[in-house]
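The values are calculated or read from the model by the stated rules, or taken from the named source; none is laboratory data. A quick note: this is a predicted structure, and the numbers were derived from the prediction, not measured. So basically every Cβ, Gly included, is an ideal-geometry build from the backbone, and we count neighbours across all protein chains shown.
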C-alpha cells in the first residue's frame, strides 16, 4: 500500500508530470516563467490549491455525483456524473476564494507572496485536469491526496526550472522570429524529454 | 455588402494573422495532448468549434443582462453547459474517441480561448458576429491541431486517419517510423517550430509578451 503511494507520488512528479507529459497548465506556464520569483510563487500556490481541491472534488464526486453515490439520501439510481465539469469548476473557484480569504486573515506575509496568483489559478487547466484525471483513474481518497500534491510539486519543478533557463536564454542569440514563445516551447520539449528519463525509477 | 465583408474578416482573421494558438498563445493546454492521431484531433477541433461558437453566441445574446461583477461565473456556466452537451454527445455516438480524448473534452471549459473570446469579443459585439468569431477561432485552433496531428501521425506511425499511407515497399527499404513523434516532447518541439515559421512569414508581429 505505502509502496504504491510512493510510486504514485514519483509518477505524478516525474514521468506523469502534469505539465510535461499531459500538457496541462501551459498558458500560465508560458506567461509567468519569465521571472523566477513569481514562478516560484505561482508554483507554490498551485501545489497548495491542487492538494486541497483534488481530495475535495473526490468527496464531491463519490458522495454526490457518481452513479449510485446518492444511496445515502435514498436515491440509489441517480447518476449525476455529467454534472462533474460544472461542479468541479465551482468547487475550485470557491476553494480558491476561501483560501484567499483565510490567507489574508492569518498571514499577511504569505498573502503578499501568493495573493495575486490565487485568482489566476481558478482557471488554470492543471487544477481541473487533476480532478478529472482523479475520476478517470478511479483513485482512492488517499491516492487523490498524493496525486494532487505530487502533480503540484511536478508543476512547481517544471516552472521553476523553466524560469531559471529563461534567465540564461536572455543572453542567447536565437534566429529572428524564434525568440520568446517559439524558443520556450522548444526548450519545454527538451525538458519533457529529460523528465521522461525518470521512467526507469520504479518501486 | 459591407456587413458581409466585416463578417468575413472576423471569420478569417483568427485563422491566420491572429491565430489563437500560434500568435496569441492561448489554448495550448489542451491542444497538444490530442494530436497523436488525426482522428482525435479532428473530433477535438469540432468539439472546440461547437463550444466556442455556441457559448459566444449565448453570452453575446445575454450581454446586456449580465451584471458586470458576476460575469465570469455566468460565462463559465454557459461554457460548461455546452461542454457537457459535447461530452454527452461524444459518449453516446463516438464512445471510442471519447475514451481517447478522456479528460480533454472537459478541459475545454478552462481553455483560455473560450473564455478569452467571451471576454474580449462576445461581451461587446452583436450575437451573429460573436458566433462567426467563435467559428473563426475554432477553425484557427483546429487548423493548428490538425497540422500538428498530421505531422505526428505521418512520421510517428506512418498512418493518416488510421489508414497506412507509407507503403510497405518503403519499410522494406529500411525506413522506420519515428516513435519519438508519438511522445510528448515532440509536440512541444513541433509547435515551437511552427510558431517560428509563422512569425517569420508574417514578419515579426509583436515580440515576447
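Checking each residue in segment B:87-138 for being without any contact (Cβ under 8 Å) to a residue 60 or more places away in the chain and over 18 Å from the mean Cα position of the chain (by Cα) picks out B:88, B:89, B:91, B:92, B:93, B:94, B:95, B:96, B:99. Filter segment A:28-48 down to the residues that are in contact with a helix residue (DSSP H, G or I) (Cβ under 8 Å, 6 or more places away or on another chain) and within 14 Å of another protein chain (Cβ to nearest Cβ) and list them by number. Correct list: A:28, A:29, A:30, A:32, A:33, A:34, A:35, A:46. Residues that are over 11 Å from the mean Cα position of the chain (by Cα) and more than 9 Å from chain B (Cβ to nearest Cβ) within segment A:3-27 comprise A:3, A:4, A:5, A:6, A:7, A:8, A:9, A:10, A:11, A:14, A:15, A:16, listed in sequence order. At least 3 residues being loosely packed, with under 14 Cβ neighbours inside 10 Å is the threshold, and among the helices (runs of 4 or more DSSP H) wholly inside segment A:79-182 those reaching it are A:84-106, A:108-114, A:141-169.
Kindly evaluate residue B:116 against the criterion of being in a helix (DSSP H, G or I), modelled with pLDDT of 85 or more and closer than 27 Å to residue B:83 by Cβ. No; evaluated as a whole, the condition is false for this residue.
Of all the residues in segment A:1-43, those that are part of a helix (DSSP H, G or I) and either in contact with a strand residue (DSSP E or B) (Cβ under 7 Å, 6 or more places away or on another chain) or within 24 Å of residue A:169 (Cα to Cα) (or both) number 15.
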